[in-house]
1. Using the structure shown, decide if Leu537 is part of a strand (DSSP E or B) and either touching a residue at least 60 places away in the same chain (Cβ under 8 Å) or over 23 Å from Tyr451 (Cα atoms) (or both).
2. Report, by residue number, each residue of segment 445-472 that is farther than 18 Å from Val386 by Cα and in a helix (DSSP H, G or I).
3. Quick one: in segment 328-354, of everything that is part of a loop (DSSP other than H, G, I, E, B) and among the polar types (S, T, N, Q), which residue is surrounded by the most Cβ atoms within 10 Å (Cβ to Cβ)?
4. Looking at Asp607, Asp592, Asp556 in this structure, which one is within 21 Å of Leu452 (Cβ to Cβ), more than 38 Å from the chain's Cα centre (by Cα) and among the charged types (D, E, K, R)?
5. Can you find a residue in segment 508-523 that is in contact with a Pro (Cβ under 7 Å, 6 or more places away or on another chain) and in the same structural domain as Asp556 (by TED's automatic domain parsing)?
6. Pairs needed: first member in segment 502-513, on the phi > 0 side of the Ramachandran plot and touching a residue at least 12 places away in the same chain (Cβ under 8 Å); second member anywhere, part of a strand (DSSP E or B) and of a type in the set (Phe, Trp, Tyr); C-beta distance under 7 Å; at least 6 residues apart or different chains.
7. Which one of Ala411, Ala368 is surrounded by fewer than 20 Cβ atoms within 10 Å (Cβ to Cβ), in a helix (DSSP H, G or I) and in contact with a strand residue (DSSP E or B) (Cβ under 8 Å, 6 or more places away or on another chain)?
8. Among the candidates Ala429, Ala389, Ala368, single out the residue that is at pLDDT 95 or above, within 21 Å of Ala478 (Cβ to Cβ) and over 18 Å from the mean Cα position of the chain (by Cα).
Amino acid sequence: MINNFQTTHIHDNRTLSLIDTVNSPSDLKLLSSAELFLLAEEIRRIIVDVVSKNGGHLASSLGAVELAIALHYVFDAPQDKIIWDVGHQSYAHKIITGRKDRFHTLRQHKGISGFTRIHESPYDAFTTGHSSTSISAGLGMACCKRMKNDPGKVIAVIGDGSMTAGMAYEGLNQAGDIHKGLIVILNDNDMSINHNVGALSSFLSRKFSAKKLQLLRKEFGEFLKSLPRIGDDMYQFAKRSEESFKSFVTPGMLFEAFNFEYFGPINGHKINHLIDILENIKSMTEPVLLHVSTIKGKGYAPAEKNPVFFHGVGCFEIETGECPAKQSSIQTYTDVFGDCMIRMARSNRQIVAVTAAMPEGTGLSKFAETFPDRFFDVGIAEQHGVTFAAGIAAEGYKPVVAIYSTFLQRAYDQILHDICIESLPVVLAIDRGGIVGEDGSTHHGLFDLSYLRSIPNMVVMAPKDENELGHMLNTAIAHDGPIAVRYPRGKGLGVPLDPFFSSLPIGKAETLTTGDDVLIIAIGSTVGMAVNAHKTLLAKGIRSTVVNARFVKPIDAEMIGSLAKQIPRIITVEENVLAGGFGSAVLETLADQNISPVRVIRLGIPDTFVEHGPQSLLRSQYGIDKESIVRAAQKLMQAS
């Protein structure tokens, strides 16, 4: 058996029982320094074991184990508030705070969340899932504690990747101005999901060990002493300015400009050092930033070697770190998008790709290798990325902005104001549209059809399969205005791709089956379900017309109106919230054309946030699968 855990104590029987003594943070305070070290090893084993079965954010959580232990050792949560930015590094925190017996349910339906959730535990101070919110939320809590004369502390733990987002600096700016007692811990591992990009990343990586600083100081001191006449005076001045010098050559200069007291960088895997410095800064009343250097994937060799892969990973073999071989040859929508981008960019030099810290997740890594001059990763900064693309479009190029649906929500104003007012030809490639699965309510892409179709000048479309995705991408590239292509997470339907992609007529749907009993109008991933429902209904003696709407906006009012007059029993199907979504667009179309009487059943997500769980289970639970369409059709026929 290959031992991928970098530890010399894994067979110590005492190690195996330590975690059983920790049922709350107060239990940590009873352990010795040596026991805390052993506890970190055991927590890592639990995390690796569970994530190998359930999938999850492994590397980031492994890197924050000692930090979680030290924080709960020094501070008194939940009276003291600990906020984990994004939350994907919070697994050790969950285990320490009374959830170790339920940790095996991580990311499973009805189990504990992969992120922090206020309703899940009093120790989860804030619900997270999107980056760069911790400082702002923490400052709000710190202000209220002061108004209530509550002596509790507020600690915001934020990764260096999240520091590429402007919201983090908005929080720092206000915190430094009003001087509330906020502690910010910068968990610096040189990575977000992929390797960090940008000038700020280079600046934060400017770390100096004590040994290097001592050598640098010694060499510089000897140089000053060698200067004739003024050497000794200059040396003494430099000695007095040592702290200023250190701030100049390390990232402290940046944070001190925000009126934060800066400490670090320190090794984030030495629990004793962490505890000592946290004890020292605990009583400070001014804003404090502690810079902690950690290793993403710490303690599990495959994750340390490939932290990008193990950031968000599916099931894997612990011994090898490899995922079980996938038998299916069907490409994912993400892969199809990436391949199509390369195909089209070869013949169109105006195509530019933009992503927000997710070249691998959005399928653009190969594009970046093939066309490095036409690829831009803006970091975790969706708002900037969208306006950046608007600037590219204003200069005559064709930017394709690939962002997950849930993260595109952060750039709503930029889409409306910077793209759509002037109708700039920006393509929004919206990955993970619809239900995404185990990451839950913060990551489902269930709102984009609603918020995009309300914006003037915007075209919104969704493909029924991976081949239609290629045609829609070609349509988007050729369109002279804002346009969005929304596609789901996961594999396509196994449909072969055409050798050449054509442009679809904007706003035109297609009829896939005919029948005069029920009219089923579906969009995107639900079209395949509707076709399968049609086959089941035929066996039950119910004939249905299935329409692939293709476009949410502009909707094919002519076709829908014509068919509705012939088939007044209508079902709309969408993997989006019902409020303001595709079904609403169909109802508006029928009302605008004064078509009545009709009976309409809308299938989609009700007015709720969808929990985490397998995609197929959630689609069934919320009534947007084949069986739900069949039941809706039968209900309409029974009411006739």
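1. No, not satisfied.
2. Within segment 445-472, Ser450, Glu466, Asn467, Glu468, Leu469, Gly470, His471, Met472 qualify.
3. Gln331
4. Asp592
5. No, segment 508-523 has no match at all.
6. Within 7 Å, the pairs are Gly507/Phe551.
7. Selected residue: Ala368, the only one of Ala411, Ala368 that is surrounded by fewer than 20 Cβ atoms within 10 Å (Cβ to Cβ), in a helix (DSSP H, G or I) and in contact with a strand residue (DSSP E or B) (Cβ under 8 Å, 6 or more places away or on another chain).
8. Every option except Ala389 fails the conditions.
The values are calculated or read from the model by the stated rules, or taken from the named source; none is laboratory data. Note that the coordinates shown come from a computational prediction; the quantities given were computed from them, not determined experimentally. Please note: Cβ atoms are built from the backbone with ideal geometry, for glycine as well, and neighbour counts cover all protein chains shown.
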